[in-house]
Amino acid sequence: MNLNLKRPLVFIDLEATGLNIATDGIVEIALLKIYPNGNKESKVFRVNPTIPIPPDVSKIHGIFDKDVLSCSTFKEIAQEVNSFIGGCDLAGYNSNKFDIPMLIEEFTRCEIHFDLSSRKLIDVQNIFHKMEQRTLAAAYKFYCDKDLVNAHAAEADTNATFEVLTAQLEKYESLKNDVDFLSQFSSINKNVDLAGRIIFNDKGEEVFNFGKHKGRLVFDIFTTEPSYYDWMMKGDFATNTKTVITQLRLRGKK
């Protein structure tokens, strides 16, 4: 099945030094661009994160310090990556929570503004969890009847994710072959920041989505407990999250 696209859709998968968006770095990027006419174009980058890769993390994705020692840093490839995905919608597996926020964080470190406001984001994992509740390897087996070889290798994961999405569209009549629909359907929460630390509640109000104040209004907490804002600004939160809470705090003072 060909995806019904109005503009290119790029499937993205990242391997990193860890899961902390604010402090970890990318070690591999795989990008699979699907054009509206069905043509495909892919790029894979190994990246020197400039920080050590923990051994337990290397055991998961198979990339060790020696493998990226002579590779370009993200700063050196940032413009090429930005150009490749420019004007495209984005998709991935757990991408709304990890890959896209991590990519934006890396762009921010390079002083590149990557605007998401006009892009649609499709998270295939969220579709899968709403429909079947399983992992990528199980999704690949379930939908495509294939074993996922080289799981946690970025290129293998992006291709598998693309195949899973097309299989999902064929399997579920309730899923529309439309990027706008899939973007909305694959969103678990309506995030205010990319990492989903702040989300909108049912009334469209900004609330915390973590920690001791989960579910409480951001404005209320910053008013009654201003030290919480200071704690977040000094903590290991993504740059985008800190930008968002600063905007909310300033708005609350008007």
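Overview of results
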{"quantity": "Hits in the stretch 189-220 - residues which are part of a helix (DSSP H, G or I), of a type outside the set (Asp, Glu) and either farther than 23 Å from ASN20 by Cβ or without any contact (Cβ under 8 Å) to a residue 12 or more places away in the chain (or both)", "calculated": "GLY211, LYS212, PHE219"}
{"quantity": "Residues being crowded, with 17+ Cβ neighbours inside 10 Å, within 28 Å of GLU111 (Cα to Cα) and either of a type in the set (Phe, Trp, Tyr) or touching a Gly at 6+ places or on another chain (Cβ under 6 Å) (or both) - total across the stretch 208-254", "calculated": "5"}
{"quantity": "Residue list for the stretch 73-118, filter: without any contact (Cβ under 8 Å) to a residue 60 or more places away in the chain, among the hydrophobic types (A, V, I, L, M, F, W, C) and not in a loop (DSSP other than H, G, I, E, B)", "calculated": "PHE74, ILE77, ALA78, VAL81, PHE107"}
{"quantity": "Restricting the stretch 52-72 to residues that are without any contact (Cβ under 8 Å) to a residue 40 or more places away in the chain and under 21 Å from the mean Cα position of the chain (by Cα), the residue that is farthest from ALA137 (Cα to Cα)", "calculated": "ILE53"}
{"quantity": "Subset of the stretch 169-188 [out of contact with any Leu (no Cβ under 6 Å at 6 or more places or on another chain) and in a loop (DSSP other than H, G, I, E, B)]", "calculated": "TYR172, GLU173, SER174, LYS176, ASP178, SER186, SER187, ILE188"}
{"quantity": "Sole exception among (1) assigned by TED's automatic domain parsing to the domain that holds GLY92; (2) in contact (Cβ under 8 Å) with a residue 12 or more places away in the chain for LEU248, by number", "calculated": "(1)"}
{"quantity": "Among the residues listed as GLU170, GLU163, the single one being more than 20 Å from ARG119 (Cβ to Cβ), touching a residue at least 40 places away in the same chain (Cβ under 8 Å) and either in the same structural domain as TYR93 (by TED's automatic domain parsing) or surrounded by fewer than 14 Cβ atoms within 10 Å (Cβ to Cβ) (or both)", "calculated": "GLU170"}
{"quantity": "Members of the stretch 10-57 that are hydroxyl-bearing (Ser, Thr, Tyr) and farther than 20 Å from LEU194 by Cβ", "calculated": "TYR35, SER42, THR50"}
{"quantity": "Residue in the stretch 42-57 that is of a type in the set (S, T, N, Q), within 26 Å of ILE127 (Cα to Cα) and touching a strand residue (DSSP E or B) at 6+ places or on another chain (Cβ under 8 Å) present", "calculated": "yes"}
{"quantity": "The stretch 12-30 - residue that is in contact with a helix residue (DSSP H, G or I) (Cβ under 7 Å, 6 or more places away or on another chain) and charged (D, E, K, R) and, of those, farthest from GLN125 (Cα to Cα)", "calculated": "GLU28"}
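Yes/no matrix, rows are residues, columns are (1) under 17 Å from ASP89 (Cβ atoms); (2) within 15 Å of the chain's Cα centre (by Cα); (3) part of a strand (DSSP E or B):
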position: VAL10; (1), (2), (3): yes, yes, yes
position: ASP13; (1), (2), (3): yes, yes, yes
position: LEU19; (1), (2), (3): no, yes, no
position: LEU32; (1), (2), (3): yes, yes, yes
position: GLU41; (1), (2), (3): yes, no, yes
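The values are calculated or read from the model by the stated rules, or taken from the named source; none is laboratory data. A quick note: this is a predicted structure, and the numbers were derived from the prediction, not measured. Neighbour counts are summed over all protein chains in view; Cβ atoms, including those assigned to glycine, are modelled from backbone coordinates with ideal geometry.
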